[in-house]
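First up is the structure itself, then whatever we jot down about it.
The values are calculated or read from the model by the stated rules, or taken from the named source; none is laboratory data. Remember, it's a predicted structure, so these values are computed and weren't measured experimentally. As a convention, Cβ positions derive from the backbone with ideal geometry for all residues, glycine included, and neighbour counts pool all protein chains shown. Areas reflect the complete protein model, heavy atoms only, side chains present, ligands, DNA and RNA absent. Shrake-Rupley method; radii C 1.70, N 1.55, O 1.52, S 1.80 Å.
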Amino acid sequence: MAVSLDNVLDAHCHLWELGRFKYPWPTPDMTIHQDHLPQDLQQAMKDTPVTDVIFVQCLNDSPEEAEWVMSLARQFPFIRGIVAGLDPSHPQFESRLVLLKEAVPLLVGLRHIPNFQDHPDYLLREDLAAGIIALQKHNLTFDLLLRPQQLEAAGVLAGRVSQVGAKLVVDHLAKPDIAASKMDPWRQHMSSLARHPNVFCKLSGLVTEAHLEKWQVDDFRPYVEHVLSVFGAERVMFGSDWPVCRLAANTDYDRVFSTFRQLLHHLPHHQQEMIFSTNARTFYNI
């Protein structure tokens, strides 16, 4: 039975203006290689009950990007939080963080996307753990963009920062190979990571891991059900991953939202409210 939802918070969306910054991605051959600005997002989500969004960085180590989004949020108050691009392993991390907090009052967390080919041990570095512990002192969070092969190392990191209560969230379920219907070893590693109570998971980014031309809702069901079984409804949150979701055929904001409604409609109303609103507001201190 469908239940009504109000004041949904989208925990994961992006904005970019191609002429403003040098973006390594999306590349010119992609359909989404065009400006995606707040007014476009507002139009895309108008037929859904989403009222608030969290912006998540597109650029590594770019306080300038976060300051730009902060200026947009003053015009478009539905942008409720900013996850900025800053590397916690940087030698001057905490001093850089203090400056960023002053410039970006809506700062709620950070994300950094390492090149795991060049830095395969990034998640195991002690300076990264130290930076995330410092991040927690400022009541901020850290987003983890992972592939399944990084999940074991992410578990080590989670263990190192758990005693101080540092909060981590796995973006996009760590990108399982949905197109190939592959569950293992992703399933086992997610189960292990979920044992750390300071780790959350975003239900986001699924359509771009499935068959882009002919994905179906049921393709995602085993992955979503596993995440719910190991994290529980209280540590899972909805994210659209707009406009990246548009890489999949005939997929825009409303279709992504309705897909997750279908996948979660069997849950009690209070659990749906947690996943679509409360958990992200609590996690990001909105």
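What about ALA73, is it on the phi < 0 side of the Ramachandran plot, modelled with pLDDT of 95 or more, among the hydrophobic types (A, V, I, L, M, F, W, C) and over 17 Å from the mean Cα position of the chain (by Cα)?
Details: on the phi < 0 side of the Ramachandran plot: yes; modelled with pLDDT of 95 or more: yes; among the hydrophobic types (A, V, I, L, M, F, W, C): yes; over 17 Å from the mean Cα position of the chain (by Cα): yes.
Taking the combined requirement at face value, the residue satisfies it.
Scan the range 54-71 residue by residue and report those that are open to solvent by less than 20 Å² (accessible area, probe 1.4 Å), outside any loop (DSSP other than H, G, I, E, B) and either touching a helix residue (DSSP H, G or I) at 6+ places or on another chain (Cβ under 9 Å) or closer than 13 Å to CYS13 by Cβ (or both).
The answer is ILE54, PHE55, VAL56, ALA66, VAL69, MET70.
Listed here are the residues, each with its yes/no results for (1) within 26 Å of GLN149 (Cα to Cα); (2) out of contact with any strand residue (DSSP E or B) (no Cβ under 8 Å at 6 or more places or on another chain).
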| position | (1), (2) |
| --- | --- |
| SER191 | yes, yes |
| PHE200 | yes, no |
| TRP215 | yes, yes |
| VAL224 | yes, no |
| PHE231 | yes, no |
| THR251 | no, yes |
| HIS266 | no, yes |
| THR282 | no, yes |
| ILE286 | no, no |
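Return the pairs, sorted by first residue and then second, in which the second residue is part of a loop (DSSP other than H, G, I, E, B) and acidic (Asp, Glu), the first residue lies in the range 235-252 and is closer than 12 Å to HIS36 by Cβ, the beta carbons are less than 7 Å apart, and the residues are 6+ apart or on different chains.
Pairs that qualify, where the first residue is closer than 12 Å to HIS36 by Cβ and the partner is part of a loop (DSSP other than H, G, I, E, B) and acidic (Asp, Glu), are ARG246/ASP252.
I'd like the full set of residues that are open to solvent by less than 30 Å² (accessible area, probe 1.4 Å), not hydrophobic (A, V, I, L, M, F, W, C) and not in a helix (DSSP H, G or I), limited to the range 34-48.
Residues satisfying the conditions are HIS36, THR48.
Give me a count of the residues in the range 133-166 that are farther than 26 Å from PHE220 by Cα, outside any helix (DSSP H, G or I) and not hydrophobic (A, V, I, L, M, F, W, C).
4
Does ASP87 fit the bill of being acidic (Asp, Glu) and open to solvent by less than 40 Å² (accessible area, probe 1.4 Å)?
Numbers: acidic (Asp, Glu): yes; open to solvent by less than 40 Å² (accessible area, probe 1.4 Å): yes.
So ASP87 passes the test.
Looking at (1) more than 14 Å from the chain's Cα centre (by Cα); (2) open to solvent by less than 30 Å² (accessible area, probe 1.4 Å); (3) closer than 23 Å to CYS13 by Cβ, can you tell me which one VAL244 breaks?
Of everything listed in (1) more than 14 Å from the chain's Cα centre (by Cα); (2) open to solvent by less than 30 Å² (accessible area, probe 1.4 Å); (3) closer than 23 Å to CYS13 by Cβ, VAL244 misses just condition (1).
Say we look at the range 10-40 and pick out the residues that are touching a helix residue (DSSP H, G or I) at 6+ places or on another chain (Cβ under 9 Å) and acidic (Asp, Glu); which of these is farthest from VAL83 (Cα to Cα)?
Result: GLU17.
Which residue out of ALA174, ALA166, ALA153 is open to solvent by 10 Å² or more (accessible area, probe 1.4 Å), in contact (Cβ under 8 Å) with a residue 24 or more places away in the chain, under 26 Å from HIS14 (Cβ atoms) and of a type in the set (Gly, Ala, Ser)?
On the way: ALA174 fails: open to solvent by 10 Å² or more (accessible area, probe 1.4 Å); ALA166 fails: open to solvent by 10 Å² or more (accessible area, probe 1.4 Å).
So the residue among ALA174, ALA166, ALA153 that is open to solvent by 10 Å² or more (accessible area, probe 1.4 Å), in contact (Cβ under 8 Å) with a residue 24 or more places away in the chain, under 26 Å from HIS14 (Cβ atoms) and of a type in the set (Gly, Ala, Ser) is ALA153.
Going through the range 195-230 one residue at a time, which ones are buried (at least 22 other Cβ atoms within 10 Å of the Cβ) and assigned to a helix (DSSP H, G or I)?
Matches in the range 195-230: TYR223, VAL227.
Among the candidates THR51, THR31, single out the residue that is assigned to a loop (DSSP other than H, G, I, E, B) and open to solvent by 20 Å² or more (accessible area, probe 1.4 Å). Reasoning before the result, please.
Working: THR51 fails: assigned to a loop (DSSP other than H, G, I, E, B).
One residue alone meets the criteria, THR31.
Quick one: PRO28 ticks every box in (1) out of contact with any Leu (no Cβ under 9 Å at 6 or more places or on another chain); (2) touching a residue at least 12 places away in the same chain (Cβ under 8 Å) bar one, so which box is it?
For PRO28, the failing item is (2).
For the range 1-23, how many residues are surrounded by 10 or more Cβ atoms within 10 Å (Cβ to Cβ) and at pLDDT 95 or above? Walk me through how you get there before you give the answer.
Quick first cut of the range 1-23, residues surrounded by 10 or more Cβ atoms within 10 Å (Cβ to Cβ) only: 3, 5, 7-18, 20-21, 23.
From the residues that got through so far, the ones that are at pLDDT 95 or above too are 8-18, 20-21, 23.
Adding up the residues that qualify gives 14.
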